1. Mind listing whichever residues of segment 59-93 are of a type in the set (A, V, I, L, M) and farther than 30 Å from Val49 by Cα?
2. List the pairs whose first member sits in segment 47-59 and is touching a residue at least 24 places away in the same chain (Cβ under 8 Å), whose second member is assigned to a helix (DSSP H, G or I), and whose Cβ atoms are under 6 Å apart, counting only residues at least 6 apart or on separate chains?
3. Name every residue in segment 86-109 that is in a loop (DSSP other than H, G, I, E, B) and under 26 Å from Ala57 (Cα atoms), in order of residue number.
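Read-outs: derived from the displayed coordinates by stated rules, not from any lab. What you see is a predicted model; the values in this text were computed from it and never measured. Ideal geometry is used to build each Cβ from the backbone, glycine not excepted, and the neighbour counts take in all protein chains shown.
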Amino acid sequence: MTSKIDGAPAPRPAAAPAASAPVPAAIERSGGPRAPVVAEVQATATDNVRLTGEAEALRVVQQQAKAGPPPMDMAKIEALRAALAAGTYRVDPMDIARRLDALERQLSI
């Protein structure tokens, strides 16, 4: 099926490639010779891995996530519920601001 776009003629089908000699296995698709295999690399007991600080932190977070959520202090939760219900719970805006600032500083490192 052919089609024209904006009056441009349809492209002609590509000519079949001429028969040529087979390409030797030692030549890559890019045309350069392949490097010979120097040696097989095998793991030994002396192999080691060094993790960056970020990778180590991610590993710890992953282990914590697998362990499940942290335990909840139900006594503290009930005390907060009671204070909210009684209208005696007070919010300290400066404390919230300090904690948000500390979190922002911690996240920007």
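1. The first filter runs over segment 59-93 and keeps only residues of a type in the set (A, V, I, L, M), leaving 60-61, 65, 67, 72, 74-75, 77, 79-80, 82-86, 91.
Result: Met72, Met74, Ala75, Ile77, Ala79, Leu80, Ala82, Ala83, Leu84, Ala85, Ala86, Val91.
2. Nothing qualifies.
3. Those that are in a loop (DSSP other than H, G, I, E, B) and under 26 Å from Ala57 (Cα atoms): Ser108, Ile109.
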